[in-house]
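All remarks here apply to the structure that follows.
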Amino acid sequence: MRVPETNEDAEELALRALVWTLAEPERAIRLLDVTGLQPADLRARASEPAVLAAALGFLENHEPDLVACADGLGVPPAALVQARARLEA
């Protein structure tokens, strides 16, 4: 039987995805542009579910990044999509 994932699991996965996103400067700038966050705001609010969901939504909206991030984290892309849904619930 599969153990259901928790919001803490979603937050941990989203935080890992955010770190992955910010590791590439052009992608990081695009994230800030799309979300409207300022670097200081992102640093201060990086652990908030709404910010983490926005970061995952950013990846979802550009499938190549979603797939590359999932591959980099060793998870299926659907796991990132599901984590965003749990964080927005």
>> Just to confirm my numbers, what's the Cα centroid distance between the stretch 42-89 and the stretch 7-30 in Å?
In response: 7
> [x] 47, 15, 9; [y] 27, 14, 13; [z] 21, 15, 10: which one is semi-axes √(5λ) of the Cα gyration tensor in Å as calculated from this entry?
Replying inline: [z]
> Among Glu26, Glu60, Glu11, which one moves the most in a GNM of the chain with springs linking Cα atoms closer than 10 Å?
Replying inline: Glu26
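Run the dipole for the chain about the Cα centre, Lys and Arg Cβ at +1, Asp and Glu Cβ at -1, nothing else charged, and hand back the magnitude in debye, nearest 20.
In debye, rounded to 20, the chain gives about 60.
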> Of the residues Ala53, Ala17, Ala79, which exhibits the maximal mean-square fluctuation in a Gaussian network model of the chain defined by a 10 Å Cα contact cut-off?
Replying inline: Ala79
> Can you give the angle from 0 to 90° between the axis of helix 49-60 and the longest principal axis of the chain, with both taken from C-alpha atoms, to the nearest 10?
Replying inline: 90
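No value in this document is a laboratory result; all are computed from the given coordinates. Only a predicted model underlies this, so the values are computations on that prediction, with no experimental measurement involved. Don't worry about glycine lacking a Cβ; one is built from the backbone with ideal geometry, like all the others, and counts go over all protein chains shown.
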